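Structure first, commentary second.
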Amino acid sequence: MTTLVASRPSADDALKPPKRRQIKSSYPTWFYIPAGVFYLVLFAVPTFASFYFSLTRWTLFDTEFIGLDNFIQFFSEPMLVRGFTNTFIFGFLTSGAKVVLGLLLGVFLTSQIAARGYLRSVVFFPVLVSTIGVGITFKVLMDPFDGLINSALALFGITGPGWLTDPSLALLSIALVDIWRGVGIATLIYIAGIAAIPPEYYEAARVDGANGWQRFWRITVPLVRPATTTVVLLSLIGGLRAFDLIWAMTRGGPGFTSDVIGSVIYKQYQAGFYGLSTAGNVVLFLVVTAIIVPISLWFNKREVER
């Protein structure tokens, strides 16, 4: 009886916050040293060096500190601002389309259809092709005079537009090609997410009388949320950093109508404005971080609350 009374926590002890439980690492400390050295040399040092050189006017042999002049010039040039705006349009348009099309194709390719494996390989095939190769191929196909697309439209009496030469269509045409090339990855991620859903959920829904739309909206969409998070983040990061496909198809033209931050940075390097282009890299880094981190935290919060 005495022992039980002595072990009971007092009122003061109950008011104290619980001690944080220390989680023991799975590996000894020295095991982290090689990875830490690689991270420091390959990522941390170049990142901080870029921040410094963005505040300078530099060449291979000389460096002059000029403060924020590069950033002021970056946002005062209409051409650079146009590239900044196009980056947002391109990133959100392509990522949104990949999420929707990837989910629909994922549902289609996990259903009981004939030649399902072949159809999956067809959807994934564009991912295996080089981005530069895709860009050059579609540049030929979209030629306003001799391109296969406009020639096919002419058979039906339709005059095709200048897909890559019309300033109002150039960026949209590139976005369509990027969606076609990248939707295979989104579909593959959604197929994995849908395959992980227990079939008992669908059986129970059928017993309760749920139709196809209700099973899709009430079961599939909520349970593939981790896949949606992955697709959104990967697509958005890729869209905001787009460069190679745009450069292969239009080089930012006609004029500067399809320029994005990536192509602007490359042009500034070509022109010898190394400090200005480094400032563009820093702006791109900050923009991607400012967009991706809140979205990732929001998705993770929704996942925890669910």
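The values are calculated or read from the model by the stated rules, or taken from the named source; none is laboratory data. Note that the coordinates shown come from a computational prediction; the quantities given were computed from them, not determined experimentally. Neighbour counts run over all protein chains shown; Cβ positions are idealised from the backbone, glycine included. These accessible areas exclude ligands, DNA and RNA; they are computed on the full protein's heavy atoms, side chains included. Shrake-Rupley method; radii C 1.70, N 1.55, O 1.52, S 1.80 Å.
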Some residue of the stretch 237-247 being assigned to a helix (DSSP H, G or I), surrounded by 17 or more Cβ atoms within 10 Å (Cβ to Cβ) and in contact with a Phe, Trp or Tyr (Cβ under 6 Å, 6 or more places away or on another chain): yes
When residues of the stretch 79-100 are limited to those that are open to solvent by 40 Å² or more (accessible area, probe 1.4 Å) and within 12 Å of the chain's Cα centre (by Cα), the one nearest to THR230 (Cα to Cα): PHE92
Answer residue from the stretch 101-123, given it is closer than 16 Å to TRP213 by Cα, assigned to a helix (DSSP H, G or I) and touching a residue at least 24 places away in the same chain (Cβ under 8 Å) and is least open to solvent (accessible area, probe 1.4 Å) among those: GLY106
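Condition first: assigned to a loop (DSSP other than H, G, I, E, B) and open to solvent by less than 20 Å² (accessible area, probe 1.4 Å). Can you find one or more residues in the stretch 259-272 that meet it? Let's see the steps before the verdict.
Initial filter on the stretch 259-272 (assigned to a loop (DSSP other than H, G, I, E, B)): 259-260, 272.
Still in the running and open to solvent by less than 20 Å² (accessible area, probe 1.4 Å): 259-260.
Yes; the residues of the stretch 259-272 include at least one that is assigned to a loop (DSSP other than H, G, I, E, B) and open to solvent by less than 20 Å² (accessible area, probe 1.4 Å).
Please work out which residue is nearest to the chain's Cα centre (by Cα), limiting yourself to the stretch 154-171 and to residues that are of a type outside the set (A, V, I, L, M, F, W, C) and closer than 12 Å to GLY252 by Cα. Give the steps one after another, and end with the answer.
Within the stretch 154-171, the subset of a type outside the set (A, V, I, L, M, F, W, C) is 157, 159-162, 165-168.
Still in the running and closer than 12 Å to GLY252 by Cα: 165, 167.
Details: THR165: 27, PRO167: 25 Å.
Applying the filter and picking the extreme gives PRO167.
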First in the stretch 143-164 and in contact (Cβ under 8 Å) with a residue 60 or more places away in the chain, second anywhere and among the charged types (D, E, K, R) and open to solvent by 50 Å² or more (accessible area, probe 1.4 Å), Cβ under 9 Å, 6 or more apart: LEU164/LYS139; LEU164/ASP143
Residue check, TYR52 outside any loop (DSSP other than H, G, I, E, B), open to solvent by 100 Å² or more (accessible area, probe 1.4 Å), under 13 Å from TYR274 (Cα atoms) and modelled with pLDDT of 90 or more: yes
